[in-house]
Amino acid sequence: MTPACTYPERRDGVRLLVVDPAAAAVDSARVSDLPDLLTPGDLLVVNDAATLPASLHGHDAQGNAVEARLLARIGDNVFRVVLFGAGDWRQRTEDRPPPPELAVGDGLRFGTLAAHVVAVAPVSARVVDLAFDADGAALWAALYREARPIQYSYLAHELPLWAVQTVYAARPWAFEMPSAGRPLSWEILLALRRRGVGWASVTHAAGLSATGDTALDAALPMAERFEIPQATVDAVAAAHNRGGRVIAAGTTVVRALEGALELWGELHAGTGETTLRLGPGYRPRVVDGVLTGVHAPGESHFALLGAFAAPPLLDAAVARAERDGYRTHELGDVMLIVPGALRAAWPANSRMNVASRILVDRAPRGRSAAERRSNSSAAVLHA
Amino acid sequence: MMTMQNTAALVTGGSAGLGRALGEALAARGARVVLVARHAPGLDEAVRAIRSRGGEAHAIVADVADKHATYAIAGQAAALVGPLDVLINNASTLGPVPLRLLLDTDCEDVERALAVNVVGPFRLTKAVAGSMVLRGSGVIVNITSDAAGEPYERWGAYGASKAALEQLGRIWAAELGQTGVRLFTVDPGEMDTRMHADAIPDADRAALADPARVAERIVALIGDPRSAPNGARVIVRADEDVAA
C-alpha cells in the first residue's frame with residue numbers, strides 16, 4: 001500500500017475499510033458512511049488534543065545542527081524530546097545523521113528560544129529533558145513562533161499547523177496529530193448525533209509514532225498523559241447500560257480509556273499517565289471498537305489492531321485494502337473495526353448486499369435547501 | 001455580581017477601548033482571560049492592570065488578519081487557560097483615517113477591512129467553536145456597529161465588513177442552533193475610545209459612553225443564556241439593551 005502524500009481536498013473525502021469481527025467480514029465504504037455503520041445508542045469517543053508545532057530546529061553551543069521533537073511535557077517549561085542530527089523532514093529519519101551527544105547542562109538554541117539539558121534518558125542518549133528559558137505565555141508564544149508541526153518524509157509538501165488539527169481540537173497536548181480523528185468533519189459528527197450516536201472526548205498527549213531509531217522505536221509509545229472528564233465517564237457507562245458500543249476514534253483514545261482502567265481499577269474522571277501497550281494479547285474492557293488509520297503488517301500500529309480483531313480477519317482486511325488501493329499513514333484512508341458494523345445499515349440484507357449498497361446505492365442524504373433555511377430561522381427564533 | 005469562575009475567555013483587540021474593558025470585566029468576575037492584540041506594549045499594560053486587581057490574564061501578540069496566526073492563537077490560548085468557553089471577536093479596523101469616500105478608497109484598504117473584521121473572526125471562530133460544540137457549551141460574541149446597517153458616507157469599507165460579519169453571525173447561529181453553543185452580535189454604540197476619536201475627532205466626548213459600562217452589560221449578556229436569543233443582534237447601551 002502507498003502512503004497518502006497530500007492532504008485530501010475535503011477532510012472527510014477518504015475511504016473507510018470496515019472490519020466486522022462479529023461477522024468475520026470486511027468491506028469498503030466512505031468515511032461519510034460512518035453514521036450508517038454505527039447504531040443508535042453507540043458512543044464515539046474522540047481525542048480533543050490540538051496538535052502542537054513540535055519540531056524545533058536549532059544548534060548546540062558548538063554550532064552543530066540539531067532538531068528536537070517534543071515527546072512529552074514533564075514540567076511547566078520542561079519537555080522530553082528526541083534529538084535528530086542535521087537535515088530536515090524530507091529525509092527519512094533513519095537516514096539522518098545522529099545528533100551531537102549532549103550532557104546535562106548543555107545549551108541549545110532554537111531561533112529566539114534557548115534551552116538546556118536537565119536530564120538524559122536511560123533508554124537512549126537521544127532522548128533528553130530540555131528546560132526552556134521561558135515560561136507561561138512567553139514559552140507558548142516562542143513554541144508557536146519557532147516550531148513547526150512534525151512532518152513526514154513521504155509528504156509532497158510541508159504541513160502547516162492548520163492541516164494537523166482535528167475539527168474539535170482544544171488544548172495543545174498532542175505532539176503528533178491524533179490522525180484517526182482527522183477525517184471527521186462536522187457534517188459527519190452532526191449526522192452521527194442525528195442518528196442517535198453520542199460523542200464524548202478525552203484529551204490524550206499523543207507522542208511520537210516513530211523516530212527511525214530501532215532501539216528507541218521499540219520503547220514507543222512512551223508514557224503519555226491523558227485526562228478523562230466526568231461527562232465522558234458518564235457517557236461510557238450510559239452507552240454500555242443501554243447496550244451501545246463504545247468506539248474509540250484512534251488508538252490514543254483506546255490508550256486513555258483502557259489505560260485509566262489499568263491505572264485506577266475503574267473508569268473515573270481525572271488525569272493520569274499511561275504506559276499501556278496494546279496488542280494481540282490485550283482484551284479491551286471499555287472500548288468495543290476503533291476507528292484507526294490503515295496500517296500494513298510489520299508497522300507497530302498494526303500490532304495494536306490485534307486487540308480488536310483476529311489475525312485471519314486482519315489479513316483479509318489488508319488484502320482488501322491492497323486490492324482497492326487504500327492509502328496509508330497520517331493523511332490516508334481509515335479503518336473501522338466494530339463488531340456488527342456491517343449489519344448496522346440494512347439488517348434485512350445479507351452481508352454482501354449490505355456491502356455493495358454501502359458502496360454504490362447511497363441516496364443523497366440531508367434535507368433540501370429550503371428545509372434547511374426554514375429550520376435555521378426556527379432555531380434562531382426558538383433558541 | 002455574577003461569577004465567571006471556571007470560565008476561559010479570549011478577547012481580540014484586547015489592548016484598548018472596549019476589548020480591554022471586556023477583559024477587565026470578565027477577569028473581575030473570576031474568568032481566566034486571554035487578550036490578543038497586535039502590539040505588545042498596550043497589551044502588556046492591559047494584562048498588568050488585570051493582574052494588579054487579582055485577576056488572571058495573559059497576552060498573545062498576533063494579528064487576527066494573519067491566516068497563519070489563527071491556530072497559534074487558539075492553541076496558545078487553550079494552553080494558557082484551558083478549552084475556551086467564551087470568544088469575543090472585538091478586534092476591528094476602520095482603515096485609514098480620516099475616513100474616505102468610496103471613490104477615494106484604495107482596494108487594498110477594503111481587503112484589509114474584510115480581513116480584520118470578517119475573515120479573521122471567521123477563522124478564529126472556526127478554530128475555537130468545534131471544541132465548544134463537542135463540549136456542548138460556549139458563547140461567541142461578534143462586535144459590530146450601526147455602520148453595518150446605515151449607509152454613512154465615508155464608512156464604506158468598515159460598514160460593509162460589519163454587515164458581512166453580522167450575516168456570518170446569523171448563519172453561525174443557525175448552524176450551531178441545537179449544539180449548546182450560542183453566538184450573538186453586539187452593537188455597542190458610540191463609546192469614548194481611541195477608535196471613535198480616530199473616526200470622529202471633533203465628537204463631544206461627554207456624549208460618548210464609557211466602554212467599561214458597556215463591557216459590564218456585554219458580560220452580563222454572556223453569563224445569562226436567557227438574555228438574548230441565539231443569533232440575535234443586540235444593541236447594548238450603558239444603561240439598557242435592546243435585542244433584535
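Out of A:Ala22, A:Ala72, A:Ala54, A:Ala29, one residue alone is of a type in the set (A, V, I, L, M, F, W, C) and touching a Pro at 6+ places or on another chain (Cβ under 6 Å). It is A:Ala22. When the criteria are applied in full, B:Gly75 meets the requirement of being crowded, with 17+ Cβ neighbours inside 10 Å, touching a Pro at 6+ places or on another chain (Cβ under 6 Å) and within 13 Å of chain A (Cβ to nearest Cβ).
Taking only region A:135-144 into account, find how many residues are closer than 22 Å to A:Leu208 by Cβ and of a type outside the set (A, V, I, L, M). The total comes to 2. Here A:Asp129, A:Asp48, A:Asp60, A:Asp106 are screened, and the one residue that is charged (D, E, K, R) and either in the same structural domain as A:Val233 (by TED's automatic domain parsing) or crowded, with 22+ Cβ neighbours inside 10 Å (or both) is A:Asp48.
For region A:303-347, filtering for residues that are of a type outside the set (A, V, I, L, M), part of a helix (DSSP H, G or I) and in contact with an Asp or Glu (Cβ under 6 Å, 6 or more places away or on another chain) leaves 0. Just so you know, in region A:244-261 the residues that are in a helix (DSSP H, G or I) and small (Gly, Ala, Ser) include one that is farthest from A:Val18 (Cα to Cα), and it is A:Ala260.
Inspect region A:45-52 for any residue being of a type in the set (Gly, Ala, Ser) and farther than 30 Å from A:Val127 by Cα and give the result as yes or no. Looking for residues that are of a type in the set (Gly, Ala, Ser) and farther than 30 Å from A:Val127 by Cα, one finds none in region A:45-52, hence no.
Take the conditions (1) crowded, with 19+ Cβ neighbours inside 10 Å; (2) modelled with pLDDT under 95; (3) outside the structural domain of A:Leu34 (by TED's automatic domain parsing); (4) not β-branched (Val, Ile, Thr); A:Ser179 misses just one of them, which is (3).
Restricting region B:199-214 to residues that are under 19 Å from B:Ala21 (Cα atoms) and of a type in the set (D, E, K, R), the residue that is surrounded by the fewest Cβ atoms within 10 Å (Cβ to Cβ) is B:Arg205.
Okay, residues lined up against (1) more than 14 Å from chain B (Cβ to nearest Cβ); (2) out of contact with any Ser or Thr (no Cβ under 8 Å at 6 or more places or on another chain); (3) at negative phi; (4) part of a loop (DSSP other than H, G, I, E, B):
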position	(1), (2), (3), (4)
A:Ser28	yes, yes, yes, no
A:Gly41	yes, yes, no, yes
A:Val45	no, no, yes, no
A:Leu56	yes, yes, yes, no
A:Gly63	yes, yes, no, yes
A:Arg90	yes, no, yes, yes
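The rows are residues; the columns are (1) without any contact (Cβ under 8 Å) to a residue 60 or more places away in the chain; (2) closer than 27 Å to A:Ala219 by Cα; (3) assigned to a helix (DSSP H, G or I); (4) within 24 Å of the chain's Cα centre (by Cα).
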{"site": "A:Ala68", "(1), (2), (3), (4)": "no, yes, no, yes"}
{"site": "A:Gly75", "(1), (2), (3), (4)": "yes, yes, no, yes"}
{"site": "A:Leu83", "(1), (2), (3), (4)": "yes, yes, no, yes"}
{"site": "A:Gly87", "(1), (2), (3), (4)": "yes, yes, no, no"}
{"site": "A:Ala119", "(1), (2), (3), (4)": "yes, yes, no, no"}
{"site": "A:Val123", "(1), (2), (3), (4)": "no, yes, no, no"}
{"site": "A:Glu158", "(1), (2), (3), (4)": "no, no, no, yes"}
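Going through (1) surrounded by fewer than 21 Cβ atoms within 10 Å (Cβ to Cβ); (2) over 28 Å from A:Ala156 (Cα atoms) one by one, A:Leu37 falls short only on (1).
Please determine whether any residue of region B:62-80 is out of contact with any His (no Cβ under 8 Å at 6 or more places or on another chain) and of a type in the set (Ser, Thr, Tyr). So far as region B:62-80 goes, yes, one or more of its residues are out of contact with any His (no Cβ under 8 Å at 6 or more places or on another chain) and of a type in the set (Ser, Thr, Tyr). Selection of region B:158-198 for residues being hydrophobic (A, V, I, L, M, F, W, C), under 19 Å from B:Ala21 (Cα atoms) and either within 14 Å of chain A (Cβ to nearest Cβ) or surrounded by 23 or more Cβ atoms within 10 Å (Cβ to Cβ) (or both) yields B:Phe184, B:Val186. Inspection of region A:161-171 finds a residue satisfying the criterion of being more than 15 Å from the chain's Cα centre (by Cα), within 14 Å of another protein chain (Cβ to nearest Cβ) and in contact (Cβ under 8 Å) with a residue 60 or more places away in the chain. Taken together, the criteria place B:Pro121 among residues that are under 30 Å from A:Val164 (Cα atoms), buried (at least 21 other Cβ atoms within 10 Å of the Cβ), away from chain A (no Cβ under 14 Å) and at pLDDT 95 or above.
Within region B:222-233, work out how many residues are in contact (Cβ under 8 Å) with a residue 60 or more places away in the chain and among the hydrophobic types (A, V, I, L, M, F, W, C). Counting residues in region B:222-233 that are in contact (Cβ under 8 Å) with a residue 60 or more places away in the chain and among the hydrophobic types (A, V, I, L, M, F, W, C) gives 1. The number of residues in region B:53-67 being closer than 12 Å to B:Gly120 by Cβ and either facing chain A (nearest Cβ under 10 Å) or crowded, with 17+ Cβ neighbours inside 10 Å (or both) comes to 5. Please work out if B:Gly231 is out of contact with any strand residue (DSSP E or B) (no Cβ under 7 Å at 6 or more places or on another chain) and crowded, with 20+ Cβ neighbours inside 10 Å. No, not satisfied. None of A:Ala218, A:Ala205, A:Ala131 is among the small types (Gly, Ala, Ser) and within 14 Å of chain B (Cβ to nearest Cβ) except A:Ala205. Among the residues of region B:35-50, is any crowded, with 24+ Cβ neighbours inside 10 Å, under 14 Å from the mean Cα position of the chain (by Cα) and within 12 Å of chain A (Cβ to nearest Cβ)? Within region B:35-50, one or more residues are crowded, with 24+ Cβ neighbours inside 10 Å, under 14 Å from the mean Cα position of the chain (by Cα) and within 12 Å of chain A (Cβ to nearest Cβ).
When A:Ala215, A:Ala206 are screened for being surrounded by fewer than 20 Cβ atoms within 10 Å (Cβ to Cβ) and over 20 Å from B:Arg135 (Cα atoms), only A:Ala215 passes.
The values are calculated or read from the model by the stated rules, or taken from the named source; none is laboratory data. Since we're looking at a predicted model, the values are computed, not measured. Note that we place each Cβ from the backbone using ideal geometry, even for glycine, and neighbour counts take in every protein chain shown.
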